[in-house]
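Below is one structure, written out as structure tokens; comments come after it.
What follows draws every value from the coordinates through simple rules; no lab data is involved. Just so you know, these numbers come straight off a predicted model, no measurement behind them. Glycine also receives a Cβ, built like all others from the backbone with ideal geometry; neighbour counts cover every protein chain displayed.
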Amino acid sequence: MKRRELASLIEQFLELEAALKRVELGVFPRYTQRKAVESLISLVRNLTSSLEYLSSSDSAMFLIEKGYGVLQAIYGLIEKIERSNVHYTPLGAVYLAEYLAEKVGRRVIPIICFQSSTSSHTRLSDLLRLVAPLLPPGSQELKEEVIFITLPYFLKNDPLFHCLIAHELALHMMESMGSLEGILTKVASKQLLVLAADRLATLMIGPSYLFTLLNLNMPSSVEEERIRSIASLLLDEGYYEEKLLDGLLPPLAKAHPLADLDQICEVEGYLRKTNAYYSHETFEREVPQLVSRLLELLPPNEVNLHDTGTRPAEIPSIINAGWIVRLQSMPAIYEILKAQKPEEKYQARKKFNALIEKAIELSVIHKSLLEAEV
């Protein structure tokens, strides 16, 4: 009976490999999906070989139980990859994820999909640890981490809310940093980890992350604590001195730091030393120019330099400019586009979102062209 079940399981793994090869033929916005598929195909092949080799051992029942769980997990990842194709995933979200992953510098392949009501992430390394007993030693390491980030489906067409990607990458960073294991074990509650990820996300993309949370529907008690923590960080970073943000940031009374956040200061210190740190100086240098471009309905994709022409804007700067205009100046946008009725304002907001999306794409293209010249 066990051998028949094991033979059936091996056959399902062979079918799984065929399914992955079909997925590999899909049309995706970037090369990252194919790299993820390649990693999964390699994993499935190693698992199939191990199952065939160990089929006569006494641990056959263990292999069967473990194997079916792995099958379901990989099919779940296949669904996420399929949902990340060009028909479902805006290119701006992909670029933002790649931008942040590259800046963190931990060899991460991000896969973005919109298919749920909440944000979450799954890592290929977690699956690898689950199946490690079934794999030969040489195949238990990943050259690059693949992280599957799921965002709420209803936010798919709103690039300003894609800031949530930073929160999931921050959680991943904390989970994967062995050097911080001792610090993170002191973080006793899941809520404190969320607060820590909020602060890291804010260091990655500035006040735009706060605006994202303020415009999501969250339980008031949870929101209050998270907003206080982020506001305290923005105060320390100097954003409360920015005239451009007058009236947009929470009152200073809500900017009191939380005492137990001292535990994650070292994590924040690590991020500040990486290229993922989005400084207040960058905000001050770029965002006012980008806001001016948006108010003229021009894509905010580049900034002027004093002596050397223009250069591509940083993606967080584009998103910050977008939030500032949305929160302060949408009536002016409606007036320019002659939008008065609800349907007309809805169409105007779609055009505004498309302008942000296009700016992110143009910034990435501009940067790649400049790098090609070097």
Quick check: residue separation of Leu91 and Lys35 times 0.36 nm, minus the Cα distance between them. What number comes out in nm? 18.4 nm
For the chain, list log₁₀ I(q)/I(0) at each q in 0.08, 0.13 Å⁻¹, using the Debye formula over Cα point scatterers of equal strength and ignoring solvent, two decimals each. -0.47, -1.08
By count of other Cβ within 10 Å, fewest leading, how are Phe161, Phe28 ordered? Phe28, Phe161
Past 32 Å, Cα to Cα: identify those pairs from Lys243/Lys350; Lys66/Lys156; Lys21/Lys143; Lys66/Lys273; Lys156/Lys367; Lys66/Lys190, in the order given. Lys66/Lys156; Lys66/Lys273
When Met173, Met330 are arranged by how many other beta-carbons sit within 10 Å of their Cβ, fewest first, they go Met330, Met173
Summing -39500 (n - 2.57) over every DSSP H run of at least 4 in the chain, dividing by its residue total and rounding to the nearest 500, the 222 nm mean residue ellipticity is -20000 deg cm²/dmol
Kirkwood-based Rg over Rh for the stretch 279-352 (C-alpha set), two decimals? 1.04
Enumerate by residue number the trypsin sites (Lys or Arg not before Pro) in the stretch 262-318 meeting two conditions: DSSP loop (anything except H, G, I, E, B), and at most 13 other Cβ atoms within 10 Å of the site's Cβ. Lys273
Can you pull out the GluC sites (Glu not before Pro) in the stretch 287-339 whose DSSP state is coil and whose Cβ has at most 15 other Cβ atoms within 10 Å? Glu296
Fewest-first ranking of Thr310, Thr122, using other Cβ atoms within 10 Å as the exposure measure: Thr310, Thr122
Ranked by how many other beta carbons lie within 10 Å on average, peptides 38-44, 88-94, 68-74 from highest: 88-94, 38-44, 68-74
Among Ser176, Ser317, Ser229, the residue with the largest mean-square fluctuation in a Gaussian network model of the chain built from Cα contacts under 10 Å is Ser176
What percent do you get for the relative contact order of the chain when only Cα pairs under 8 Å and 6+ apart count? 14
Only Lys, Arg, Asp and Glu count, each charged at its Cβ (+1, +1, -1, -1), so figure out the dipole size of the stretch 1-154 about its Cα centre, rounded to 20 debye. 240
Using the scaling law 2.2 N^0.38 Å as the reference, what is the normalised Cα Rg of the stretch 1-154? 1.10
